[in-house]
1. Just to confirm the filter: which GluC sites (Glu not before Pro) across region 358-390 are DSSP coil and have at most 13 other Cβ within 10 angstrom of their Cβ?
2. Top mean-square fluctuation among Leu193, Leu77, Leu99, Gaussian network model of the chain, C-alpha springs under 10 Å?
3. Strictly greater than 29 Å: what percent of every Cα pair in the chain meets that?
4. In a GNM of the chain with a 10 Å cut-off on Cα contacts, which of Pro344, Pro151, Pro262 has the highest mean-square fluctuation?
5. Compute the normalised compactness of region 98-232: alpha-carbon radius of gyration over 2.2 N^0.38 Å, N being the residue count.
6. Are there trypsin sites (Lys or Arg not before Pro) in region 136-221 that DSSP marks as loop and that have at most 13 other Cβ atoms within 10 Å, and which are they?
7. Roll a 1.4 angstrom probe over the protein heavy atoms and tell me the percent of accessible area of the chain that is carbon or sulfur.
8. Quote the relative contact order of region 242-376 in percent (integer), defining contacts as alpha-carbon pairs under 8 Å separated by 6+ residues.
Amino acid sequence: MNLTIRAYFILLLLSLFSCKSDTFTDKSVTSIEKIDLSTILETYHQDYLKLNPLNATFAGDSRYNDVFPNFNSKEYLKEYQTFYEKTLQTLAEIDKNQLSENDKMSYSILKWDCEIALQELEGRYELTPIDQMWSANLMVGQLASGASAQPFVTPEDYDNWLKRVDGYLAWCNSAIDNMRTGMKEGIVLPKALITKVIPQFADMGTGTVKDHLFFKPISNMPVDFSSEDKDRLTTAYTTMVKDKIIPTYAKMATFFEEEYLPAGRSTSGIEAYANGEQLYQNRIQKYTTTDMTADEIHELGLQEVARLRSEMEKVKKEIGFEGDLKAFFDYVRSKKELMPFTDPQQVIDNFNTIHKKMLPQLDKLFDLRPKTPFEVRRTEAFREASASAEYNQGSLDGT
């Protein structure tokens, strides 16, 4: 399954409502002994983390740092479906009218999340498991750098990542199988998106081991590791990059370029699919949490475009530019005075300067602030050309 913002949102919400402790003991799944909302929330939270171990890692829960499920497999999808169906069945046993206002909100959010998740299964997104912006391979690339949520502090951390990579490579192979099934059934990505995926894989399917992104944890290995662990892990990571990662990424790039791109569709939207209208409405509900129709959202968008264009016309007039808006955009885009940076670090430094100016004002605006320090980072090179501007949440414990 594609990993989405919703997963992080519900994980954070349920953690705030249901976590009693920052300490987790084992990998067991909680069983419901007493049907009350707090128990349901805690059970959902623990089962969700087990089903979505990458999200657990991002939350700072290390129990599943060695696990990468095959999100594309029929077995996983069945487990995924059962998880949400059972949660809904359990919720149905609760008398919502007897809940406090806060608990009613938690109840409604959890119910909504389960319903949306089950609707997503109808989209058969496992047949298009890789895209240019949100799919698991991009998240793995971030983790592989050693500077993201996956910890690389102890030898066990390094061993966990080796195990997780093996699971990830199995996911890659199944992704090809599923995409080939999608090609037969006419469920494929648009060509315009496939062309953006190719360089993401091609970039990491070549090069030397020591310069590879997946080798970075070895380059930054803690100095207090024993010489035996250093040698063992260096050998293991060299083998992993040389014999597993580079060949797999090269194979993926070849598949996308030689097989998948020719089969890609010229249409852009999911309305091209047989049940496209239904899928689109599901996307609307998921990302807007409303029951607005596509036409209503489109009309709202047209109104906003008109409002913004009128503001842009005012700016154009204020600076005395002659010509239409399109010419004005080209002028702004190519004006050297507005493009002062010649090095990526200069861009990061500029954002940090803005952040320093903001800091004194934050306490005046917000009572609750994240524990994790804020930092600006350059997007990894392999996805830089196609990535969106984005914010990655810190772990719940602030580390």
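1. Glu375, Glu384, Glu390
2. The residue that fluctuates most here is Leu99.
3. 56 percent
4. So, out of Pro344, Pro151, Pro262, the one fluctuating most is Pro344.
5. Ratio of Rg to 2.2 N^0.38 Å for region 98-232: 1.42.
6. When the trypsin sites (Lys or Arg not before Pro) of region 136-221 are filtered for loop state and at most 13 Cβ neighbours within 10 Å, Lys210 remain.
7. Carbon plus sulfur share of accessible area: 55 percent.
8. 8 percent
The values are calculated or read from the model by the stated rules, or taken from the named source; none is laboratory data. It should be emphasised that the depicted structure is a prediction, and the values quoted were computed from it without experimental measurement. Methodologically, a virtual Cβ is constructed for each residue, glycine included, from the backbone with ideal geometry; neighbour enumeration extends over all protein chains shown. In case anyone asks, the SASA skips ligands and DNA or RNA and just uses the protein heavy atoms, side chains included. Shrake-Rupley method; radii C 1.70, N 1.55, O 1.52, S 1.80 Å.
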